[in-house]
Amino acid sequence: MPSLGRLHLVTDTRPGRDPLTVVRAALTAARADLVVQVRVEDSATDREAYDLAGRVLALCARYGATCLVNDRLHVALAVGAAGGHVGADDLPVAAARHVLGPTGVLGATARAPETAVAAVTAGASYLGVGPCHATSTKDGLPDPIGPTGVRAVADAVDVPVIAIGGVTAARVPALRAAGAYGVAVVGALSAATDPAAATAELLRALA
Ligand SMILES: Cc1ncc(COP(=O)(O)OP(=O)(O)O)c(N)n1
Ligand SMILES: Cc1ncsc1CCOP(=O)(O)O
Ligand SMILES: [Mg+2]
């Protein structure tokens, strides 16, 4: 399995956002170091998810970057993405591993050591851990776990921990010190006036 990038850009497909422009800009700065996770709204059709994933994958391929698909593993397989990410409302991790096969990159959401260990045992190759900080990007999330919560998970597993939720470049050092291997961001790049510069800043913080 190829080594995982430390910076994950999760696409923002809320109304008024321009995910492909943000992905293009981030790729010019991060190139092969970027992981792009194609995440669409729950209300999006599979066809919409497939079309976006195909376009993102083509952009990633130009730079040797990794493309993952959130939730919809059949879309990941259909476009030829490197893998996918599942959480509590998605396929169970073991089923997701079965779908992706032994070599696919499989991320699973966890916010506590017990669920983290269970996800790794079931086949997760990395964990998305959070929300670390408050976020306005996703509704209905539990309270943020902060760097302390990230540390508890990171100490319990031996796969990369990707911190998510309210991540900014300024918050990266504390998350890395807590054991996060990398970070996943939506708003830090989607809402940036200069997403390429914001990507470079995040990469510097992660280095
Ligand atoms: C890297 C990463 N971590 C966590 C999530 C959240 O996944 P999930 O809990 O399934 O929630 P949705 O993103 O599907 O709304 C993620 N997507 N990526
Ligand atoms: C999908 C998801 N899962 C936990 S937090 C989150 C959204 C993170 O977005 P942002 O980086 O804008 O806080
Ligand atoms: Mg999900």
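The values are calculated or read from the model by the stated rules, or taken from the named source; none is laboratory data. Predicted model only: the values in this text are computed from it and were never measured. Because the Cβ atoms are built from the backbone with ideal geometry, glycine has one as well, and the counts that use them run over all protein chains shown. The accessibility values were calculated without ligands, DNA or RNA, using every heavy atom of the protein model including side chains. Shrake-Rupley method; radii C 1.70, N 1.55, O 1.52, S 1.80 Å.
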* Sequence-separation-based contact order of the chain, relative, with Cα cut under 8 Å and 6+ spacing, percent -> 21 percent
* Normalised contact order of the range 167-207, rounded percent, pairs of Cα under 8 Å and 6 or more residues apart -> 54 percent
* Structure fact -> Cα extents of the range 30-189 along the principal axes, largest first, in whole Å, come to 39, 32, 30
* Structure fact -> Descending accessible area (1.4 Å probe), largest on the left, turns Tyr50, Tyr63 into Tyr50, Tyr63
* Solvent-accessible area, 1.4 Å probe, carbon plus sulfur percent, for the chain -> 53 percent
* **Partnerless Cys - the chain, beta-carbon criterion under 4.7 Å** => Cys132
* To do: Taking all protein chains together and a probe of 1.4 Å, list Arg171, Arg62 from the most accessible to the least accessible.
  => Arg62, Arg171
* **Sum of side-chain charges, Ile162 neighbourhood, beta-carbon under 13 Å (Lys, Arg +1; Asp, Glu -1)** => +3
* To do: Give me the distance between the Cα centres of the range 1-35 and the range 159-207, rounded to whole Å.
  => 12 Å
* Spin-label model distance (nm) - Ala61 vs Ala122, 7 Å beyond Cα toward Cβ -> 3.2 nm
* Structure fact -> With the charge dipole of the chain built from beta-carbon charges (+1 for Lys and Arg, -1 for Asp and Glu) about the Cα centre, the Cα from Leu175, Pro144, Gly87 projecting farthest to the positive end belongs to Leu175
* To do: Roll a 1.4 Å probe over the protein heavy atoms and report the accessible area of His8 in Å², nearest 10.
  => 0 Å²
* Asked: With every protein chain present, what is the per residue accessible area of the range 47-128 (1.4 Å probe, Å²)?
  -> 45 Å²
* Asked: Roughly speaking, what % of Cα-Cα pairs in the range 20-73 are separated by over 16 Å, rounded to a whole number?
  -> 35 percent
* Relative contact order of the range 1-122: what whole-number percent is it, with Cα pairs under 8 angstrom and at least 6 residues apart? -> 19 percent
* Asked: What helices does the chain have that are whole DSSP H segments, at least 15 Å long along their own axis by Cα, and with mean Kyte-Doolittle hydropathy of -0.5 or more?
  -> 19-30, 46-63, 146-156, 195-206
* Of Glu114, Glu201, Glu41, which has the most accessible area with a 1.4 Å probe, and how do the rest follow in descending order? -> Glu114, Glu201, Glu41
